[in-house]
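> Have a look at this one before I ask anything.
The values are calculated or read from the model by the stated rules, or taken from the named source; none is laboratory data. Since the structure is predicted, the reported quantities are computational estimates derived from the model, not experimental observations. Please note: Cβ atoms are built from the backbone with ideal geometry, for glycine as well, and neighbour counts cover all protein chains shown. These accessible areas exclude ligands, DNA and RNA; they are computed on the full protein's heavy atoms, side chains included. Shrake-Rupley method; radii C 1.70, N 1.55, O 1.52, S 1.80 Å.
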Amino acid sequence: MASNSASQILAITKTAPYSKPMASRFLQSRRPYLNLCCLSQKFSNDNALFCLPNSKSFLLAKELEERNSNNHSPTLREICLDHVPGNVLRRLEEVGYLVPTDVQKEALPVLFSGNDCILHAQTGSGKTLTYLLLIYSQINPKKSAVQALIVVPTRELGMQAEPPAIVVATIGSLSQLLEKQILKLDSLRVLVVDEVDFLFKSSKQVSSLRKLLTSYSSCNNRQTVFASASILQHRRFRHDCIQQKWTKGDVVHVHVNRIMPMPACLYHRFVICGRKAKHQVLLSLLQSDLPESGIIFVGEQSEKSKKSGQAPSTTAVIDFLRASYEGSLDILLLEEDMNFNSRAASLTVNVLYFFYD
């Protein structure tokens with residue numbers, strides 16, 4: 001995968017840890033991707049962790065014993081035991097994943113049984129770990145081929161040398177690699193489409209996504225997982241999945257509608273104001289909060305605005321802040337067509353980022 005377009009692909013192997021990019025919807029970085037297979041210490045069996053002579057493993061064993069004696073719901077290990085490799089389960093426990101979330105309790109048995117699945121649950125509910133555990137149950141690390149593919153909506157991704165067992169890619173860069181036959185999906189076992197509602201709403205991406213689902217691989221030869229916090233008309237979506245052959249006919253819709261409280265480390269606010277007051281309100285927030293860095297999303301310019309010769313929305317906001325903000329303010333515009341390496345390098349600087357995709 002030496003092509004320039006390949007630089008927009010993240011290939012995860014069994015030997016290299018990666019940090020998950022900062023989620024654009026949060027001001028603070030979220031929990032990093034788990035390096036589930038990086039343990040250097042070898043164990044003779046899956047239960048060896050509980051025999052180690054240290055307090056951490058003793059307390060862990062004691063907690064699980066108490067849970068079982070009180071007839072609690074099964075632990076994450078118990079759900080995954082016959083499906084996920086032991087070293088992955090041990091790594092889960094090391095980083096604190098003991099109790100499954102609601103979506104994991106409902107979806108993992110469905111996925112481990114081989115069904116296609118629509119994961120429908122709020123942000124932070126555990127959807128990502130759910131489909132990652134499925135992937136680890138399916139891939140063969142000794143096989144030199146792409147066996148799992150995760151399609152995501154953003155391009156802030158990295159790359160590892162081939163041959164990858166797991167590929168994470170945006171639909172645009174993925175389509176280029178498939179068309180040039182740089183990447184082949186002959187051995188694909190699991191296909192995950194994350195934030196599926198976003199991708200199907202994007203006119204630029206929906207045709208490529210449909211082609212991926214039906215032309216480059218067959219739903220009969222893979223397990224397909226769609227994940228999203230919001231799926232409007234989910235019954236119609238499930239019907240379309242079957243009719244359009246995006247999934248097999250046994251696809252299961254797992255909907256966890258429980259609303260969890262916002263984590264204490266996050267602080268959300270919203271301001272209601274008129275359209276003409278938005279710039280001034282933004283300026284007031286920046287001057288009162290004085291963030292070290294921040295991300296500002298700006299809506300796409302309408303066709304009517306373009307025809308009338310008005311400046312793009314991003315240009316108007318940037319010009320206003322540069323003229324009105326008291327003090328130094330570094331501003332960087334990130335656009336869809338920017339070179340990937342430039343985008344990635346820019347994210348290492350503490351500035352105000354304007355995303356315009």
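> Measure off 7 Å from each Cα along the Cα-to-Cβ vector at Arg322 and Ala145, then give the distance between these two points in nanometres to one decimal.
Calculated label separation equals 5.3 nm.
> Report in % the part of the accessible area of region 100-256 that belongs to carbon and sulfur, leaving out ligands and nucleic acids; probe 1.4 Å.
Result for region 100-256: 46 percent of the exposed heavy-atom area is carbon or sulfur.
> Ok, one more. Using R₀ = 56 Å, calculate the FRET efficiency as 1/(1 + (r/R₀)^6) where r is the Cβ-Cβ separation of Gln301 and Val95; round to 0.05.
Rounded to the nearest 0.05, the efficiency is 0.80.
> Read phi for every residue in region 210-221 and hand back ³J(HN,Hα) as whole Hz from Karplus 6.51 cos²θ - 1.76 cosθ + 1.60, θ = phi - 60°, with x for Gly and Pro.
4, 5, 4, 6, 10, 9, 7, 7, 9, 4, 6, 9
> Tell me which trypsin sites (Lys or Arg not before Pro) from region 268-308 have a DSSP coil assignment and no more than 16 other beta carbons within 10 Å of their own. It would help to have the intermediate numbers written out before the result.
Values: sites: Arg269, Arg275, Lys276, Lys278, Lys304, Lys306, Lys307; in loops: Arg269.
Of the trypsin sites (Lys or Arg not before Pro), the ones in loops of region 268-308 whose Cβ has at most 16 other Cβ atoms within 10 Å are Arg269.
> Could you list, in their original order, any pairs among Lys184/Lys245; Lys180/Lys306; Lys143/Lys180; Lys180/Lys304; Lys127/Lys248 whose Cα atoms are separated by more than 28 Å? Mind showing how you got there, number by number?
Details: Lys184/Lys245 20 Å; Lys180/Lys306 34 Å; Lys143/Lys180 22 Å; Lys180/Lys304 37 Å; Lys127/Lys248 20 Å.
The answer is Lys180/Lys306; Lys180/Lys304.
> Let me ask something additional. Considering amide H positions built from the backbone, and no H for Pro or chain starts, which residues 5 or more places from Thr170, or on another chain, come under 5 Å of its amide H?
Val152
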